[in-house]
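Comments concern the structure below.
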Amino acid sequence: MKNYIPTKLKILELLKSQPIISGETIAKNLKISRTAVWKHIKGLQKKGYNIEITPKGYMLKNNYDLLSEEELFNLPYKIYFFQKVTSTMDIGKDLGEKGKEGIIIAEIQTQGRGRMQRVWHSPPGGIWMSLVIRPSLSLKQAFILTYIACLATSIAIEKTVNIKTYLKWPNDVIYKLNEIEKKLAGILLEIKGEIDEIKYAIIGIGINVNNEISFLEPQAISLKEITGKEIQRKEIIKELVFTFNNLLKKNPNEILNLWKEKSLTIGKKVKIIHPEGEEEGLALNLSEDGALILKTHQEKILKIYSGDCIHLYDV
């Protein structure tokens, strides 16, 4: 079954290979009937592919960034694609409760959320996805999943778009525009489990790719804005998922060291807003259990496990 390629994907590849192709040619290539070709074309049109039917054959028009199960069929997880959902995290929770793994991808989220229930604007053109996994980790080890997801997202963007990205504690992927930090992507982790094991983890990943940035998010930027061209989202998703799985096999210390190599936070003066209040100081390092080690202005050393991080700049 490893070599199985869906018929719809084969038809898509043929449509992409030339400006126009006849139903007869597709049928001969795939050894199926012209009626079957027509049914598959109709199915692709329902998924959003702009396929024009002409007297000379079929023509695929401007669908280079369309996401679908067919485009992502060879990933190591089942794909659940939706045109519109409240949040991929909501769908992920349902999937996790059923004991399943998978990737939920949506073109639009109407109630996308980030950390601390903040609104995450999710218009068409971005990557809005949740990865549902059942990792062999205890709850104590679960912190490493956020670091892995941040690393995988950063690496995937760099490999596919050829730009330099950085990481900001605890969960942001950053692009530096004229030394100004702009947010490209964010990670959200939700877990259900017991002390000795995780029942399931939902890793939400939002990446600004070809979407318009809301005026409510002046600190954000998209890959299209950076490069001046439309980016193939499916290539980022593929690279991200395979990178995530490879990083998941590494030990936590190695992951933390890789994260620190890309970090903008370590070594910087920061303000941390956390449930117990606010702290300012120098971000020294990460502890073995994933906490940010902060040296305050009063020379106290603190370990902070969660909160908002603001990078401070000397005037």
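The values are calculated or read from the model by the stated rules, or taken from the named source; none is laboratory data. Everything quoted here is computed from the prediction, not taken from an experiment. Here the Cβ positions follow ideal geometry from the backbone for every residue, glycine too, while neighbour counts run over all protein chains shown.
One line per residue, one yes/no per condition, for (1) among the hydrophobic types (A, V, I, L, M, F, W, C); (2) closer than 23 Å to residue 75 by Cβ; (3) over 14 Å from the mean Cα position of the chain (by Cα):
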| residue | (1), (2), (3) |
| --- | --- |
| 167 | yes, no, yes |
| 176 | no, no, yes |
| 183 | no, no, no |
| 190 | no, yes, yes |
| 202 | yes, yes, no |
| 209 | yes, yes, no |
* Only residues that are buried (at least 16 other Cβ atoms within 10 Å of the Cβ) and under 13 Å from residue 92 (Cβ atoms): list them for the range 65-78, please. => 77
* To do: Please find, within the range 200-257, the residue that is surrounded by the most Cβ atoms within 10 Å (Cβ to Cβ) out of those that are among the hydroxyl-bearing types (Ser, Thr, Tyr) and in a loop (DSSP other than H, G, I, E, B).
  => 222
* To do: Go through (1) surrounded by 15 or more Cβ atoms within 10 Å (Cβ to Cβ); (2) not in a helix (DSSP H, G or I) one by one and return the number of the condition residue 40 breaks.
  => (2)
* **Every pair of residues 6+ apart whose Cβ atoms lie under 7 Å, when the first sits in the range 124-137 and is in contact (Cβ under 8 Å) with a residue 24 or more places away in the chain while the second is of a type in the set (S, T, N, Q) and in a loop (DSSP other than H, G, I, E, B)** => 124/211; 125/210; 125/211; 126/208; 126/211
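Every residue, every condition in (1) β-branched (Val, Ile, Thr); (2) buried (at least 18 other Cβ atoms within 10 Å of the Cβ); (3) at pLDDT 90 or above, yes or no:
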residue	(1), (2), (3)
102	no, yes, yes
108	yes, no, yes
120	no, yes, no
132	yes, yes, yes
138	no, no, yes
167	no, yes, yes
* To do: Check 234, 229 and return the single one that is closer than 30 Å to residue 71 by Cα, within 24 Å of the chain's Cα centre (by Cα) and without any contact (Cβ under 8 Å) to a residue 40 or more places away in the chain.
  => 229
